[in-house]
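The structure appears below as structure tokens.
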Amino acid sequence: MTEITEEDWFIPEKKYEYLDHTADVQLHAWGDTLEEAFEQVATAMFGYMTELEYVEMKEAHDIEAEGHDMLSLLFHFLDELLFLFCAEPNIIARKVKVLEFDKTDFKIKARAFGEPFEIGKHPQGTEVKAITYSNMQVHEKEDKSEVFVIIDI
């Protein structure tokens, strides 16, 4: 667990949406940078599991992921965060901040701010079973980056 600083309390503007997909849901997130789009898609995943306004940022947990290309990096990034939720003490994050992003070697370090998930305190949304590669997309442009991820629910 990592200490939370004053700057960490800022909640960024929501830049994601949920798109219908047969038997699953597609997360579409965007940002001014690819780092922000990754942060937003992670927040979108947690937001699908519960209503984020009920989640307090009491703890900070660091994760690391790597891949062999940008799609596998996105997959492993979200998979590590999903594992954080699935393993004891079931951390649900209100905010995810990318700390390091290596686009050449496809490595990422991030910090998830949240608390253990509690039935009664956190409204139960939809269970996310897995991250999929199905129709996964990463688009990086000068002024806007977007990611699309289908999650198995």
Length added when fully stretched, Phe101-Asp152, from 0.36 nm per residue minus Cα-Cα:
15.8 nm
Loop-resident sites, region 1-110, for chymotrypsin sites (Phe, Trp or Tyr not before Pro), counting at most 13 other Cβ within 10 Å (DSSP)
Phe10
Using a Gaussian network for the chain with springs between C-alpha atoms less than 10 Å apart, which of these wobbles most: Thr50, Thr104, Thr126?
Thr104
Can you give the local net charge around Glu100? Use residues other than it whose beta-carbon is closer than 10 angstrom to its beta-carbon, Lys and Arg +1, Asp and Glu -1.
-1
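Taking a ≥ b ≥ c as the square roots of the eigenvalues of the Cα gyration tensor of region 17-94, is the shape rounded (a/c under 1.5), prolate (a/b larger than b/c) or oblate? Each step should come with its number before you reach the end.
Numbers: a/c = 1.44, a/b = 1.14, b/c = 1.27.
It comes out rounded by the Cα gyration axes.
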The answer for region 1-87, accessible area per residue at 1.4 Å probe in Å², is 52
Roughly how many percent of the accessible protein surface of the chain is carbon and sulfur, given a 1.4 Å probe and a whole-percent answer?
47
Theoretical FRET efficiency, 1/(1+(r/R0)^6), r = Cβ-Cβ of Asp8 and Asp32, R0 22 Å, to 0.05
0.70
Sticking with the crude label model, points 7 Å out along Cα→Cβ, report the distance from Glu127 to Glu88 in nm, one decimal please.
1.9
Which one of Glu142, Glu64, Glu100 has the biggest mean-square fluctuation once the chain is modelled by GNM with Cα springs under 10 Å?
Glu142
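The values are calculated or read from the model by the stated rules, or taken from the named source; none is laboratory data. What you are looking at is a predicted structure, and each value in this text was computed from that prediction instead of being measured. Cβ atoms come from the backbone with ideal geometry, glycine included; neighbour counts cover every protein chain shown. With ligands, DNA and RNA removed, areas are computed over all heavy atoms of the protein, side chains included. Shrake-Rupley method; radii C 1.70, N 1.55, O 1.52, S 1.80 Å.
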